[in-house]
1. Filter region 19-30 down to residues that are surrounded by fewer than 14 Cβ atoms within 10 Å (Cβ to Cβ) and free of Cβ contacts under 8 Å to residues at least 40 places away in the same chain and give me whichever is farthest from Ile77 (Cα to Cα).
2. Return only the number of the condition from (1) open to solvent by less than 40 Å² (accessible area, probe 1.4 Å); (2) in contact with a helix residue (DSSP H, G or I) (Cβ under 7 Å, 6 or more places away or on another chain) that Ile35 does not satisfy.
3. Six or more apart or on different chains, Cβ under 6 Å: which pairs go from a residue in region 32-46 that's free of Cβ contacts under 8 Å to residues at least 40 places away in the same chain and closer than 18 Å to Ala78 by Cα to one that's open to solvent by less than 60 Å² (accessible area, probe 1.4 Å) and of a type in the set (A, V, I, L, M)? Could you list them?
4. Being within 21 Å of the chain's Cα centre (by Cα), open to solvent by 60 Å² or more (accessible area, probe 1.4 Å) and free of Cβ contacts under 8 Å to residues at least 40 places away in the same chain is the filter here; which residues of region 48-75 pass it?
5. For region 1-111, please list each of the helices (runs of 4 or more DSSP H) lying entirely inside it that holds at least 3 residues being over 26 Å from Phe125 (Cα atoms) and modelled with pLDDT of 95 or more.
Amino acid sequence: MKSNRPINLPLSQVISVNRSPIAIASILHRISGIILFLLIPVMLWLLQNSLASPESFETVFDNVLVRFLAWIFVAAIAYHFVMGMKHLFADMGTNEEFKSASTASIVSFVIAAILIAASFVWVMF
């Protein structure tokens, strides 16, 4: 008798089997959530250091690495928000067919890419 229990597959095997935009959007949504979870303490520490005085603010954000880290954080928020909205709409019953869900994923990728590029200009320059 064959067991119908779920199998835990490594992420690389999941991606190689299912290359649809829906699956990629979902996996990247989880990864962006992990990035946000890991960067929140770092960003709070940077905020605390930058608010000590006007000189410390200049010192903290004069560093290109810190600005790049801040951009990664803002980009992860932008992506996570856009894909989270896509998932919420899917939970409400829209885009349940494969074609419409793929289209929604691609549109969400485009919106997220625009927000990420705009945030790069905003944070880095």
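1. The qualifying residue farthest from Ile77 (Cα to Cα) is Arg19.
2. Every condition holds for Ile35 apart from (1).
3. That search, which allows pairs on different chains as well, returns nothing.
4. Scanning region 48-75 gives a single hit, Leu65.
5. So the answer is 21-50, 64-91.
The values are calculated or read from the model by the stated rules, or taken from the named source; none is laboratory data. Predicted model, so just to flag it, every value in this text is computed and none were measured. Ideal geometry is used to build each Cβ from the backbone, glycine not excepted, and the neighbour counts take in all protein chains shown. Side chains are part of the model used for accessible areas, which takes the heavy atoms of the whole protein and leaves out ligands, DNA and RNA. Shrake-Rupley method; radii C 1.70, N 1.55, O 1.52, S 1.80 Å.
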